[in-house]
Every structure is written in structure tokens, then in C-alpha cells.
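> Got a structure here, written out as C-alpha cells. Questions coming.
What follows is calculated from the coordinates using simple rules that are stated; it is not laboratory data. Note that the structure is a prediction, hence the values are computed from the model and not measured. Positions of Cβ are generated from backbone atoms using ideal geometry, with glycine treated the same way; all protein chains shown enter the neighbour counts.
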Amino acid sequence: GNSVTQMEGPVTLSEEAFLTINCTYTATGYPSLFWYVQYPGEGLQLLLKATKADDKGSNKGFEATYRKETTSFHLEKGSVQVSDSAVYFCALGEDSNYQLIWGAGTKLIIKP
Amino acid sequence: DVKVTQSSRYLVKRTGEKVFLECVQDMDHENMFWYRQDPGLGLRLIYFSYDVKMKEKGDIPEGYSVSREKKERFSLILESASTNQTSMYLCASSDPGLLTGELFFGEGSRLTVL
């Protein structure tokens with residue numbers, strides 16, 4: 001079956017550091033891939049998405065590229081801020097059903 | 001601004017009590033979902049509904065039931081709360097016209113069962 005694997009956290013970085021949060025997936029079809037973010041005390045919100053191979057999703061300085069050859073969708077940001085501290089979830093979705101497959105989440109802590 | 005509103009942010013209940021968690025969305029979405037969020041386990045789907053009065057079991061429906069009498073409202077019911085149901089509960093909605101996976105979430109309801 002389909003699955004999503006994220007790097008374990010917490011990930012702790014200093015402000016202005018480069019961020020990578022790894023996400024790999026297994027899927028039988030041609031899924032869409034998503035990154036959601038959950039800021040402290042809030043619900044999840046969609047950060048970015050990609051619907052097919054080689055698509056790059058981007059938002060708020062974050063980027064992720066849908067790599068079919070490595071079955072990956074790693075989240076990157078060139079220079080993180082304290083306000084980026086949150087939990088990040090990678091997810092996979094297929095149009096054939098309503099359900100998303102979620103990674104376990106990665107907590108990101110940015111220190112000033 | 002689109003909104004999914006969960007009725008209670010924090011609840012404390014006793015073992016055996018009946019618990020209602022309410023969720024309302026103002027986007028006229030057809031699909032609604034209840035998830036449970038636990039550290040290290042990500043989000044697990046409890047139930048979802050793709051239409052009024054329709055419901056489908058998710059991955060962990062045991063001990064829960066749902067009700068969708070109106071399009072905008074989706075309720076999660078714990079008939080007899082147990083301590084292992086202490087968790088964060090997240091409601092979400094989506095429209096069939098959106099790409100699968102574009103969910104809009106409420107802020108969550110943190111339930112503690114003593």
C-alpha cells in the first residue's frame with residue numbers, strides 16, 4: 001500500500017540556516033504530494049503541493065520538488081526564521097480516493 | 001476568509017462519559033473529516049463524510065461514531081470515553097472539485113479523559 005516516511009524530529013537550527021526535511025513515499029499510482037504546516041496552537045494548513053513528477057511547489061520561501069526517480073518530496077528553505085518553528089507534515093493523495101496518507105510529522109525548532 | 005470551526009479547544013472528561021465534538025465549515029464543502037493527532041503517529045483518519053447523512057470509516061473508527069445531518073456540520077461522538085482516547089482531534093473539510101488532499105483544518109480540540 002501507499003506510505004509516507006519523514007525524517008524524525010525534532011530538527012533544531014539556528015536562524016538563517018538552510019533547512020531540509022526529508023520525505024519519501026511509496027505509491028502504486030501517480031499521487032499528488034503535499035506539505036502541511038502546523039504552527040503552535042493551530043490547526044494544519046497547506047504549505048505547498050505538487051501534482052506530477054518534476055513539479056516544484058513553493059510558498060513562503062519553502063520549496064519542494066516531486067522526484068519520481070527517487071520517490072521523494074523534500075522540503076527546503078534557504079534561510080529559516082524563528083517564526084518557521086512548527087510541525088511539518090508530508091502527505092500523499094490520490095484522486096481515486098478521499099484519503100490522504102500522512103507522514104508522522106517533523107517538529108522544527110529555530111533558535112535566534 | 002474560509003473557516004472550519006471546532007466547538008471546543010480544550011475538554012476534560014471522565015472515563016465513561018459521552019463526548020460530542022462539533023465541527024462547522026462555512027465553505028459549502030461536500031467532504032468532511034475527523035482525524036486524531038498523536039505525537040509520532042501523525043494524523044490518523046477516524047471517519048469521513050462525502051455527503052449529508054453519508055459516512056465512511058477511516059483507519060481507526062473503533063470507539064467513535066459520527067453524525068452529519070447538515071452539510072456544514074460534522075460531529076464526532078465518543079459514546080463512552082476512555083483514557084486511551086486522550087488526544088488532539090482535528091476536523092477538516094474539502095471540496096470534490098479541489099485536488100485530492102487540499103484540506104482545510106480547524107484549530108483542533110484537545111481532549112483529556114481522566
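> Given charges of +1 on the Cβ of Lys and Arg and -1 on the Cβ of Asp and Glu, with all other atoms neutral, how large is the dipole of the stretch A:51-112 about its Cα centre, in debye to the nearest 20?
So the magnitude is around 260 debye.
> Within 10 Å of each residue's Cβ, count the other Cβ atoms and sort B:ILE46, A:ILE109 from fewest upward.
The fewest-first ordering by Cβ neighbours comes to A:ILE109, B:ILE46.
> May I ask you to derive the relative contact order of the stretch B:1-113, considering only C-alpha pairs under 8 Å and at least 6 residues apart, and to give it as an integer percent?
35 percent
> Using Cβ counts within 10 Å as a stand-in for footprinting exposure, how do B:TYR50, A:TYR30 rank, fewest first?
Placing the least packed residue first, the sequence is A:TYR30, B:TYR50.
> The stretch A:36-112 to the stretch B:49-114: how many Å between their Cα centroids?
23 Å
> Among DSSP bridges having both ends in chain A, what percentage is antiparallel? Round to the nearest 5.
Bridges in chain A are about 90 percent antiparallel.
> Follow-up question, since we're still on this one. Kirkwood hydrodynamic radius (Cα pairs, Å) of the protein assembly as shown?
18.0 Å is the Kirkwood radius here.
> Express the C-alpha Rg of the stretch A:61-112 as a ratio against the empirical globular expectation 2.2 N^0.38 Å, rounded to two decimals.
1.36
> Non-local amide H neighbours of B:GLY108 (under 5 Å, H modeled in plane, Pro and chain starts lacking H): which ones?
B:GLN6, B:CYS91
> Moving on to the next point. Identify, among B:LEU43, B:SER65, A:VAL37, the residue whose Cα sits farthest towards the positive end of the charge dipole of the protein assembly as shown, taking +1 on the Cβ of Lys and Arg and -1 on the Cβ of Asp and Glu, with the dipole about the Cα centre.
The residue sitting farthest along the positive end of the dipole is B:SER65.
> Dipole of the stretch A:7-93, Cα-centred, from +1 at each Lys and Arg C-beta and -1 at each Asp and Glu C-beta, to the nearest 20 debye?
Value, rounded to 20: 320 debye.
> For A:THR20, put the label point 7 Å out on the Cα→Cβ axis and report which residues of the stretch A:65-82 keep their amide N under 20 Å from it.
From the stretch A:65-82, the list is A:65-81.
> Taking each residue of B:70-80 in turn, how many C-beta atoms of other protein chains fall within 10 Å of its C-beta, and what is the average?
0
> Can you give the mean number of other chain Cβ atoms that lie within 10 Å of the Cβ atoms in peptide B:39-52?
3
> Only four residue types carry charge here, +1 at the Cβ of Lys and Arg and -1 at the Cβ of Asp and Glu. Report the dipole size of the protein assembly as shown about the Cα centre in Debye, rounded to the nearest 20.
500 debye
> If you don't mind, another one. Decide, for the stretch A:1-62, between rounded, prolate and oblate: order the square roots of the alpha carbon gyration tensor eigenvalues as a ≥ b ≥ c, take rounded if a/c falls under 1.5, and otherwise choose prolate if a/b is larger than b/c, else oblate.
Prolate shape, in that a/c is at least 1.5 and a/b is the bigger ratio.
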